[in-house]
Structure formats: C-alpha cells, structure tokens
Amino acid sequence: MTTNSVFSGSLRISAVAACAAVLYLCGVFVHAQTTKTAAPGALVLDPRLTIVVGAEEPGSIHLAASDLASDFEKVLGTKPKIAAHPGATGATVLIGEAAKLPDDQRPASVADPESFSIAVAGKTLVLSGADMRGTLYAIYQFSQEFLGVDPMYYWTDHEPLRRTRIELPPGLNKSYAAPIFKYRGFFINDEDLLTGWAPGAKDHAGISLEAWNKIYETSLRLTANMVVPGTWIFPDDPQIKAAADRGLIVTQHHAIPLGVNVAR
C-alpha cells in the first residue's frame, strides 16, 4: 500500500468516526430534548389535556373549540376531547366568556367589546373574552401564538411543527385590547375565482359550503368580525346562516340594496 492510499484510508476512517460522533451527539441532544423536565410551575399541555366548554356558550364558541382541538392534533398528533367538565388526568383548557367563568378564573382586564385574555390559573389554561367574539379571538390567538398555527393555513398549506407537548410559563397572563376599528370584514367579490376550485350548488353563490366555512374560520383567525357572504345573494342562502353560526356580522354591498338580489 502506498503512502497516499494509507493517508486516504485514514481520512475515510476519520470521516466515518466523525460522522458517528456527530450522530451520537445528535442522539444525546434529541434524548435530552425529549426527556427534559418542565420548568417549576409551568403548565404542560400534552395529549391528555381536555378542552372544557360550557353548554351555555354560543354555538360559534363550540365550533371554534373544535378548530382548537384540530390545531392541537396537528401539533401533538392526538385530538383532545371536548367536554363540559375537566378530565381526570392532564391539563384543562377552559373556554368561556369572562362573565360566565368562576371568580378565581375570571380575567380582570377584559371589559371592552371584543377584548380577550390568555392566562394560566393553576393547571388550567383560560381562554376568555369580554363577549362572544372576544372569546373566539382568544382561541385563535392562542393557536397562532403558542401552537404556531398559521391563520391562513387553509390557503397557504403551512403546517405547524410537531411537538410532544406545549409548555406554558407560570404566571402567564396576557390581555389583548379591543381592536381599533369597530368593523373589520371581508367581501368575497368575484366568486368565480373560487367556484372552479371549490364548486358548490348555485344557491351557495357557486362556492361549496365547506369552502365558505373555511373563509369564515380564516376571517375569525384574522380577528375580522364582519363578512359579505357573496355578490348576488338572497337572505335565505345557506352561506348566510353559516356566517352567522360562526359568529360573524353579516352585511351587504352596494349592488344588493336592502338585501335584495337585483341580478336574480
């Protein structure tokens, strides 16, 4: 064997050893990441958590709670259960309008319309708003800020990072002021840009109700409170009810005075 070949062989052996060392260190790092203990007093959200929503809460809040469960599934790999009472194990995510919550879990800084709060109270994460829409915004803000869910995920295909748990710092108490503009909305104009992509019956303005539902969900994730659900619509079109069920204010544009469909 020549000197050059011995030298080359040594380099190859050294390279293999270096790669093995890197892989070992990576394994140690990953193991350390997955086995580290939570910070003292931190609230750990893992697949055992329960989302609690009172039966007296509006239907729109129950729909948003279902969205939150789906968001948790994207991150944790398991969809948590939604119940009227906390589970026997795991943390609790309590959702509700501030006035309906127990005194020890009611946020003090939530008063103005559509303001909301994200806070930790013991082993409970409290997502609360001054009213219905404030509570909706608390749910979606938590998903964006702490779960990493893109508010536009349905349109961008962005998925959050998978994790084994979400650790919330002790004493977490964030208040979000009411939006500056009272009405914030979206006019679905030129529906033909969506009808070929998500076609629906003609009485849905050509867009499927499933797609309309995602439009409304996205609007709420972006803290909108108002929508014009189509260009040429009648008051009994199903996408109007779907918008109201989501908790959005339904309005109209200049071509349908007093809600009258003058084109059809």
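The values are calculated or read from the model by the stated rules, or taken from the named source; none is laboratory data. In this text the structure is predicted, and so the values were computed from the model without any measurement. Neighbour counts are summed over all protein chains in view; Cβ atoms, including those assigned to glycine, are modelled from backbone coordinates with ideal geometry. Surface accessibility is based on the protein's heavy atoms, side chains included, excluding ligands, DNA and RNA. Shrake-Rupley method; radii C 1.70, N 1.55, O 1.52, S 1.80 Å.
Taking amide H atoms as placed 1.01 Å from N in the peptide plane, the amide H of residue 87 lies under 5 Å from those of 50, each 5 or more residues away in sequence or on another chain. Computed from backbone phi, the HN-Hα couplings of the range 108-117 come to 7, 9, 9, 9, 5, x, 6, 7, 7, 9 Hz, rounded to whole numbers (Karplus: 6.51 cos²θ - 1.76 cosθ + 1.60, θ = phi - 60°; Gly and Pro given as x).
Close amide H contacts of residue 207 (hydrogens built in the peptide plane, cut-off under 5 Å, sequence separation of 5 or more or a different chain): 200. Legend: calculated FRET efficiency, residue 99 to residue 174, from the Cβ-Cβ distance at R0 = 22 Å, rounded to 0.05, equals 0.70.
Of the solvent-accessible surface of the range 137-264, computed with a 1.4 Å probe over protein heavy atoms with every protein chain present, carbon and sulfur atoms account for 60 percent.
Coupling constants for the range 95-104 follow from the phi torsions by the Karplus curve (6.51 cos²θ - 1.76 cosθ + 1.60, θ = phi - 60°), and in residue order they are 10, x, 5, 3, 5, 9, 8, x, 4, 6 Hz; glycine and proline get x.
A Förster distance of 22 Å, applied to the separation of the beta-carbon atoms of residue 70 and residue 222, puts the FRET efficiency at 0.80. In this structure the amide hydrogen of residue 125, modeled in the peptide plane, comes within under 5 Å of the amide hydrogens of 92, 93, 94, none closer than 5 places in sequence on its chain. Cross-link pairs exceeding 20 Å between alpha carbons, from the set 81/241; 123/174; 74/123; 74/214: 81/241; 74/123. Couplings 3J(HN,Hα) for the range 251-259, derived from phi with the Karplus relation 6.51 cos²θ - 1.76 cosθ + 1.60 (θ = phi - 60°), are 10, 9, 10, 5, 8, 10, x, 6, x Hz, where x marks Gly and Pro.
Work out the FRET efficiency for residue 165 and residue 234 from their Cβ-Cβ distance, taking R0 = 35 Å, and round it to the nearest 0.05.
Values: r = 49 Å, r/R0 = 1.39.
With a Förster radius of 35 Å, E is 0.10.
State, as an integer percentage, the relative contact order of the range 120-264 based on alpha-carbon contacts under 8 Å between residues 6 or more apart.
Numbers: 175 pairs, mean separation 29.1, N = 145.
Value for the range 120-264: 20 percent.
Solvent exposure of the range 192-264, expressed per residue, is 48 Å² of accessible area, with all protein chains present and a 1.4 angstrom probe.
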